[in-house]
1. Size of the dipole of region 163-272 about the Cα centre, Lys and Arg at +1 and Asp and Glu at -1 on the beta carbon, nothing else charged, in debye to 20?
2. Can you tell me the dipole magnitude for region 32-99 around its Cα centre, using point charges on the Cβ only (Lys, Arg +1; Asp, Glu -1), in Debye to the nearest 20?
3. If you stretched the chain out fully between His224 and Ser247, how much longer would it get, using 0.36 nm times the residue separation minus the C-alpha to C-alpha distance?
4. Please compute the net charge surrounding His200, taking Lys and Arg as +1 and Asp and Glu as -1 over other residues with Cβ under 11 Å from its Cβ.
5. Give me the net charge of Ile272's neighbourhood, meaning all other residues with Cβ under 13 Å from the Cβ of Ile272; Lys, Arg count +1, Asp, Glu -1.
6. I need to check one value: relative contact order of region 122-272, counting alpha carbon pairs closer than 8 Å and at least 6 residues apart, in percent.
7. Determine the dipole magnitude for the chain: charges of +1 sit on the beta-carbon of Lys and Arg, -1 on that of Asp and Glu, nothing else is charged, the reference point is the Cα centre, and the result goes in debye to the nearest 20.
8. Could you please report the charge total around Val225, scoring K, R as +1 and D, E as -1 over all other residues with beta-carbon less than 12 angstrom from its beta-carbon?
Amino acid sequence: MAEVGNSFKPALAEANQDELRTIAKKILQERKGILAADESTGSIGKRFASIGLENTENNRRRYRQLLFTTPNFGQNISGVILFDETFRQSSDRGERFVDVIKKAGVVPGIKVDTGVVPLAGTDNEGTTQGLDNLAERCAEYKKGGCDFAKWRSVLNIGAHKPSYLALMENANVLARYASICQQNGLVPIVEPEVLCDGDHTLEQCQAVTELTLAYTYKALADHHVYLEGTLLKPNMVTPGKDHSKASPEQIGLATVTALRRAVPCAVPGVDI
């Protein structure tokens with residue numbers, strides 16, 4: 001009888017693992033964080049509307065330029081998540097924003113999911129789309145200077161929610177995304193977000209967060225994702241918006257407890 005795992009072939013060569021580990025380490029520098037500059041055209045339009053600014057491609061470019069050319073930009077920022085449009089834009093001097101960011105000692109990243117859509121067979125639960133042609137897009141982003149990516153999945157707390165189908169679907173989508181990213185030299189930020197909508201308790205949110213993370217890391221293992229070359233972006237464990245508030249100490253303890261119970265120690269860092 002053949003031994004279990006006798007035919008297993010590592011998903012990544014050692015050199016690829018080393019590269020991913022190095023990128024993750026650079027993103028996780030002490031006293032630095034990740035700048036999320038990946039708002040969609042619609043989301044940034046709402047911000048512009050609040051100050052009476054027209055939502056044009058050039059205004060969006062100028063806004064990004066203001067961020068990326070701020071003096072000492074890299075002093076407290078280790079990574080920047082870009083939107084596809086921003087990835088393709090340049091400064092007034094004709095320098096690509098990706099190169100501007102790199103010159104500041106910051107790691108450029110890219111949002112690769114294309115949004116949440118309804119998940120058929122569930123009670124208003126969703127799944128995240130964007131896996132189609134993801135490998136080709138990741139190859140382009142890597143060639144263009146990006147070194148990490150982000151993908152967000154969402155789960156709801158409610159009566160019979162999250163369902164088994166939603167947990168399985170979102171976990172496997174995240175795992176497939178992470179695997180494709182790593183095959184193309186990008187460190188995947190895995191973001192399984194449990195939403196705070198509703199009237200659930202702190203304890204319910206903690207239980208669902210632990211369950212969501214357990215499903216996620218089981219799927220990552222099934223897809224042979226190299227955990228040392230990933231990052232996690234989880235939700236904070238909080239009561240629902242319609243429930244009485246918890247103290248910062250209670251929220252902190254519940255969040256750390258959930259992470260300690262469900263996140264493998266091989267994961268190099270957590271970004272909240």
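Just so you know, all these numbers are worked out from the coordinates, no wet-lab data involved. Remember, it's a predicted structure, so these values are computed and weren't measured experimentally. Here the Cβ positions follow ideal geometry from the backbone for every residue, glycine too, while neighbour counts run over all protein chains shown.
1. Rounded to the nearest 20 debye, it is 200 debye.
2. 140 debye
3. That works out to 4.4 nm of additional length.
4. So the environment of His200 carries a net charge of -2.
5. -2
6. RCO, region 122-272: 25 percent.
7. 840 debye
8. Summing Lys and Arg as +1 and Asp and Glu as -1 gives 0.
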